1. Is it true that some residue in the stretch 231-239 is over 15 Å from the mean Cα position of the chain (by Cα) and farther than 30 Å from residue 167 by Cα?
2. Take residue 283 and decide whether it is touching a Phe, Trp or Tyr at 6+ places or on another chain (Cβ under 9 Å) and either surrounded by 16 or more Cβ atoms within 10 Å (Cβ to Cβ) or more than 20 Å from residue 84 (Cβ to Cβ) (or both).
3. Are any of the residues in the stretch 279-292 on the phi > 0 side of the Ramachandran plot and assigned to a loop (DSSP other than H, G, I, E, B)?
4. Out of all the residues in the stretch 360-371, is one or more of a type in the set (Phe, Trp, Tyr), assigned to a helix (DSSP H, G or I) and out of contact with any Pro (no Cβ under 7 Å at 6 or more places or on another chain)?
5. Give me the pairs, please: first residue somewhere in the stretch 507-532 and closer than 22 Å to residue 442 by Cβ and among the β-branched types (Val, Ile, Thr), second residue anywhere and at pLDDT below 95 and part of a loop (DSSP other than H, G, I, E, B), beta-carbon distance under 8 Å, and either six or more positions apart or on two chains.
6. Considering only the stretch 466-484, state which residues are touching a residue at least 24 places away in the same chain (Cβ under 8 Å) and more than 35 Å from the chain's Cα centre (by Cα).
7. Quick one: would you say residue 316 is outside any strand (DSSP E or B), polar (S, T, N, Q) and within 26 Å of residue 40 (Cβ to Cβ)?
8. Which number in (1) open to solvent by 40 Å² or more (accessible area, probe 1.4 Å); (2) of a type in the set (D, E, K, R); (3) under 27 Å from residue 56 (Cα atoms) marks the one condition that residue 439 misses?
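The values are calculated or read from the model by the stated rules, or taken from the named source; none is laboratory data. Quantities reported herein were computed from a predicted structural model and do not represent experimental measurements. Neighbour counts are summed over all protein chains in view; Cβ atoms, including those assigned to glycine, are modelled from backbone coordinates with ideal geometry. Surface areas here come from the heavy atoms of the whole protein model, side chains and all, with no ligands, DNA or RNA. Shrake-Rupley method; radii C 1.70, N 1.55, O 1.52, S 1.80 Å.
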Amino acid sequence: MTSQDPVYITGHQHPDTDSIASAIAYSFFKRSMGIRAIPCRLGSVNAESAWLLKRFGFEEPMLLTDARVRLSDITLDPPTYIKPDTTIFESLRQMEEQGHTYCGVVDDDMHLLGLVTKGDIAQVGLGDTHHNIDILSKTPLDNFVKTLGGKLIYRDDEMHLNGKVSMIAMAEIAQLDAYQIEDRIVILGSNSVAQRHAIERGAGLLIIVWANSVEPDVIELAKAHHCPIIISGHGAMNTSRYIYFAPAASTIMKTSIVTFTDIELAEDVGKKMLRSRFHIYPVINTERKLVGYVARYHIMNCKNKQIILVDHNEFSQSVRAIEKARVLEVIDHHRINDFSTTQPVAFRNEIVGSSATIVSTIFRENQIPIPQNLAGLLLGALLSDTMNFHSPTTTPKDIQTANILAAMADLDIEEFARDMFAVTANTSGKTYSEMINQDMKIYDIKECKLAISQVIVTSTKALREDDQEIQQAVESFAAKKRLDLSVLVFTSIMENGSIIYAGGNRAAWIPEAFPNRENEEHSFQQDLLSRKKQILPKINDIIDKYM
């Protein structure tokens, strides 16, 4: 790993505050060690996390949707381009200057219109001139002037060209009548008699070589016959060659080209490349704007993403295709279940109430100062995950770390916790379906696909009025996600307990794990606060019993 290789640090799906804050803090730590670390999230930020990020001045981490490499993750060749009216000659010069054999053609908004390659230009220079007649007939006068490095002597808006070229610069005047001249581009020398004769015979454009000026009477005659005049900056041979490069590049560009979007996976792009033989492919964004070029060597040399997992270790809770990434480290305080890698990793798993506690400890162990705003963010994560020390997962180390962070951030823990949990417990305006998704973890236990969602509320009593609506939402969610068991837990820190709803084809197991009082459904479960230490183990036991 080099300092140039990005390392993505991410928490779990449906991120909570501990997941978000730990990713941000550990990225800060890694950057202080000279590593290009990028904090990520795997879903939307909840209200509590958003409040903390705003309070302490942090941006939301970037959304990571896949562990595999996308074209946007690769350093592509730069988006060299030309405009549709750029001459073929200018296009060739630009390719030579930039060392490329291709150039995209874009509009003023960078939308890709086509592609011009040296092969396309070679066909113009080496192919039969008959094929260029049509595009030369439509070429603007100024294009000829630019391409020939010439001087415009006379412009005429009624120029009449058929696109054919006659080169008579070396011919004797007596032999001019033997040449086809009418409506043609005529290249000839400085002899004014020959110039007048060509104009009188209907030349469409006069290009003069080996001359510095044109006689006034020749210009007057050209006006009468609507025949523009250019003095070329080259000799007869180069003028005859370069003239075919005067048309706009858009006249020879290919429009039926293979392109890729920057959101495509590199492995998919590599497979598509095998079905074609081009050496370069334009890359566009979702708006069809050119962002660069990709070649086979880009795909062959790209490496898997480097990822550090915080606040989780189960691949089922991580980013899509995590098994294809290079996992470097894990920092977690949950159970170790389905984690496996093909190479050694640094794995730190502690029996504490929050990943923020572990990350804060790492700062102290390495004597890296924690900025005041980062200390406040970590404190919020620690209080959130331990439910202000009410959760049975809370350890003395969590309390000690919280006191240290509070001192660094100059915060009163109780006052800060009240403000934060007022935001956490505010569910107004949210549907029960949204609540299920806001803090959810998915587990695979003995072929039972399980989801546990936990929602912090001020009081569980008001929920009784919506029993049927909540139950229907949980059952619909289980069916939509094809879950065997979906569990929704409403937890009140003030009441020191929770009530539980379940859906799915294993929902009947939940009352056995969390017994209801007689003649009551969804009974209040006193002292039930921790998903990790209380809820999951009991559900795990009941799954063991029946599966």
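1. Scanning the stretch 231-239 turns up no residue that is over 15 Å from the mean Cα position of the chain (by Cα) and farther than 30 Å from residue 167 by Cα.
2. yes
3. Yes, the conditions are met somewhere in the stretch 279-292.
4. For the stretch 360-371, residues of a type in the set (Phe, Trp, Tyr), assigned to a helix (DSSP H, G or I) and out of contact with any Pro (no Cβ under 7 Å at 6 or more places or on another chain): present.
5. Partner pairs satisfying both residue conditions: none exist.
6. The answer is 466, 467, 469, 470, 471, 475.
7. yes
8. (1)
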